[in-house]
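**Student:** Could you have a look at this structure, given as structure tokens, before my questions?
The values are calculated or read from the model by the stated rules, or taken from the named source; none is laboratory data. Because the structure is a prediction, the values reported are computed rather than measured. All Cβ positions, glycine included, derive from the backbone under ideal geometry; neighbour counts span all protein chains shown. With ligands, DNA and RNA removed, areas are computed over all heavy atoms of the protein, side chains included. Shrake-Rupley method; radii C 1.70, N 1.55, O 1.52, S 1.80 Å.
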Amino acid sequence: MAPSRKTEPETSKKGRTSSKLFVPACYSFGFLLVCLIAFLLQIVYFSPISPVLDEVPQPAVLSATQLQDFIKVGEGSVNHPEDASMDKNGVIYTATRDGWIKRLQDGTWGLHKVSEDGVENFLSYVNGSKLRFANDVVEASDGSLYFTVSSSKYLPHEYCLDILEGKPHGQLLKYDPSSNITTLVADGFYFANGVALSRDEDYVVVCESWKCRKYWLKGERKGKLETFAENLPGAPDNINLAPDGTFWIAIIKLDARRMKVLNSSKLIKHVLAAYPKLFSRFITLGGGAHLINVAEDGTIIRNLVDPTGQLMSFVTSGLQVDDHLYMISLTSNFIGKVQLS
């Protein structure tokens, strides 16, 4: 009888020990699960965005010309420029990150400081609404200005929220200097970016997140918004008219697989909206240089690349002057000059 009495308590002791270990483990797992659910609900409930899912087009595979020799113009004199323009006298201007507007004339750089005392702010409100996120502008032959508003909802430092939300908050507006009136030309753009007028000024092209569309200003199709270029090899940034009537568009390289993942789940968008630093790591911008030359009918006729970024990286604009292409980059302290022929 003694051995049986000794064995029974040991078995019971093992059982009691096992149950004591099992209960806290279940409790910890349940507690963590509740915390995770509460965390996700808080992110979704207090999210600054109401996202939609969109299908990201597959980038086109094009034959490319490798960018090789080029000249560094104004090296050390420009601080991360984004775009450039040329006046009727052939003088090239660019705006830089540190608040200066600089010009290139006869091979040397002159500059003008942009400040509250030195620049007239001629437009802050449109139809009673504050102009929140103006992006690019082009001047017509009559002096009118066509300009894009990337987002009517978010501010420039909140650009990631507009992209994550995936709704068309972008606009195209026109400022008439003779009447000092600004009118809405068209809306419904997905993060409107670069803008350019056609050679005959019968339509205006707007670059968006994944597409380029044109709005007809004249002719039978006046007032219609149509696709300009399809199956782009990346995200179009700034656009400039070339002397022959074609367009140069800077292409931003994006990871198509990551963009597909981003647009597969609203929860992922909410999490990235709550933690913008994660967004900048998840959606890596830049990479090598990439510019395309697009004909008036939207056909891609030239494809210039520097895939490794050894010459230039993160090119955001291309401006053709005669037989040279000026390349502007947000990560450079110079402007690249390439001979096209």
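**Student:** Can you compute the helix-only [θ] at 222 nm over the chain? Use -39500 (n - 2.57) per DSSP H run of at least 4 residues, normalise by all residues, nearest 500 deg cm²/dmol.
**Tutor:** Taken over the chain, the calculation gives -7000 deg cm²/dmol.
**Student:** Same structure, new question: How about region 203-240: which GluC sites (Glu not before Pro) there are in a DSSP loop, with at most 14 other Cβ atoms within 10 Å of their Cβ?
**Tutor:** Working: sites: Glu208, Glu220, Glu226, Glu230; in loops: Glu208, Glu220, Glu230.
Sites meeting the loop and neighbour criteria: Glu220, Glu230.
**Student:** On C-alpha positions alone, give me the angle between the axis of helix 2-45 and the longest principal axis of the chain, in degrees, nearest 10.
**Tutor:** Taking the Cα atoms of the chain, the angle to 2-45 is about 20 degrees.
**Student:** If you average the C-alpha positions of region 239-256 and of region 67-102 separately, how far apart do those two centres end up, in angstrom?
**Tutor:** The two parts, judged by their Cα centres, are 17 Å apart.
**Student:** Figure the gain on full extension for Lys277 and Ile43 (residue separation times 0.36 nm, minus the Cα-Cα span) and round it to one decimal in nm.
**Tutor:** Working: separation 234, 0.36 × 234 = 84.24 nm, distance 1.53 nm.
In short, 82.7 nm is gained.
**Student:** Please work out the FRET efficiency for the pair Phe29 and Arg199, using the Cβ-Cβ distance as r and a Förster radius of 41 Å; give the result to the nearest 0.05. Walk me through the intermediate numbers first.
**Tutor:** Numbers: r = 67 Å, r/R0 = 1.64.
The calculated FRET efficiency here is 0.05.
**Student:** Over its Cα atoms, what ratio of radius of gyration to 2.2 N^0.38 Å does region 287-341 give?
**Tutor:** Expressed relative to 2.2 N^0.38 Å, the Cα Rg reads 1.12.
**Student:** Counting Lys and Arg as +1 and Asp and Glu as -1, what is the net charge of the other residues whose Cβ lies under 11 Å from the Cβ of Glu201? Intermediate values should be presented prior to the final figure.
**Tutor:** Details: positive: Arg199, Lys218; negative: Glu139, Asp142, Asp200, Asp202.
Here the charged neighbours net out to -2.
**Student:** If you don't mind, there's one more thing I want to ask. Per the Debye formula with a single identical scatterer at each Cα and no solvent contribution, what log10 I(q)/I(0) holds for region 200-268 at q = 0.18, 0.19 Å⁻¹?
**Tutor:** At q = 0.18, 0.19 Å⁻¹ the computed log10 ratios are -0.77, -0.82.
**Student:** Stick to Cα atoms and the Kirkwood definition of Rh, then tell me Rg/Rh for the chain.
**Tutor:** 1.20
**Student:** Compute the FRET efficiency between Arg132 and Ser50 as 1/(1 + (r/R0)^6), taking r as their Cβ-Cβ distance and R0 = 25 Å, and round to the nearest 0.05. Write out the running numbers ahead of the final one.
**Tutor:** Details: r = 18 Å, r/R0 = 0.71.
FRET efficiency, Arg132 to Ser50: 0.90.
**Student:** May I ask for the percentage of alpha-carbon pairs in region 249-316 that lie more than 14 Å from each other? Let's see the in-between values first.
**Tutor:** On the way: 1506 of 2278 pairs.
So the pairs more than 14 Å apart make up 66 percent of the total in region 249-316.
**Student:** Can you give me the convex hull volume of the Cα atoms of region 222-341, divided per residue and expressed in Å³?
**Tutor:** 145 Å³
**Student:** How much accessible surface area, in Å² rounded to 10, belongs to the heavy atoms of Lys211 with a 1.4 Å probe?
**Tutor:** For Lys211, solvent-accessible area is about 80 Å².
**Student:** In this model, which of Lys102/Lys260; Lys253/Lys277; Lys253/Lys337; Lys269/Lys337; Lys102/Lys174 are farther than 30 Å apart at the alpha-carbon? Please list the in-between numbers first.
**Tutor:** Working: Lys102/Lys260 39 Å; Lys253/Lys277 19 Å; Lys253/Lys337 21 Å; Lys269/Lys337 39 Å; Lys102/Lys174 25 Å.
In this structure, Lys102/Lys260; Lys269/Lys337 lie more than 30 Å apart at Cα.
**Student:** Rg(Cα) of region 154-197 divided by 2.2 N^0.38 Å?
**Tutor:** Working: Rg = 12.6 Å, N = 44, 2.2 N^0.38 = 9.3 Å.
With N residues counted in region 154-197, Rg over 2.2 N^0.38 Å equals 1.36.
**Student:** Have a look at Leu232, Ala256, Ala273 and report the one farthest towards the positive end of the charge dipole of region 229-275, computed about the Cα centre with Cβ charges (Lys/Arg +1, Asp/Glu -1).
**Tutor:** Checked the options; the winner is Ala273.
**Student:** A follow-up question, please. Listed highest first by mean packing, meaning other Cβ atoms within 10 Å per residue, what order do 181-189, 132-140 come in?
**Tutor:** So the order, starting with the most tightly packed, is 132-140, 181-189.
**Student:** Right, next: Under unit Cβ charges (Lys, Arg +1; Asp, Glu -1), what dipole magnitude, rounded to 20 debye, does the chain have relative to its Cα centre?
**Tutor:** 2520 debye
**Student:** Be a star and scan region 42-73 for residues whose amide nitrogen sits under 19 Å from the point 7 Å along the Cα-to-Cβ vector of Thr227.
**Tutor:** 54-62
**Student:** Another question about this same structure. Can you tell me the equivalent ellipsoid semi-axes for region 229-276? Use √(5λ) from the Cα gyration tensor, largest first, whole Å.
**Tutor:** Output for region 229-276: semi-axes of 32, 12, 8 Å.
**Student:** Within 10 Å, count the other beta carbons around each residue, average over each peptide in 310-320, 68-78, and list them highest first.
**Tutor:** 310-320, 68-78
**Student:** Now a separate question. Over region 168-247, what number does the Rg to Rh ratio reach, with both radii from the alpha-carbon atoms and Rh per Kirkwood?
**Tutor:** The Rg/Rh ratio comes out at 0.96.
**Student:** Still on this structure, I have one more. About the Cα centre, and with charges only on the beta carbon of Lys, Arg (+1) and Asp, Glu (-1), how big is the dipole of region 150-252? Nearest 20 debye, please.
**Tutor:** 200 debye
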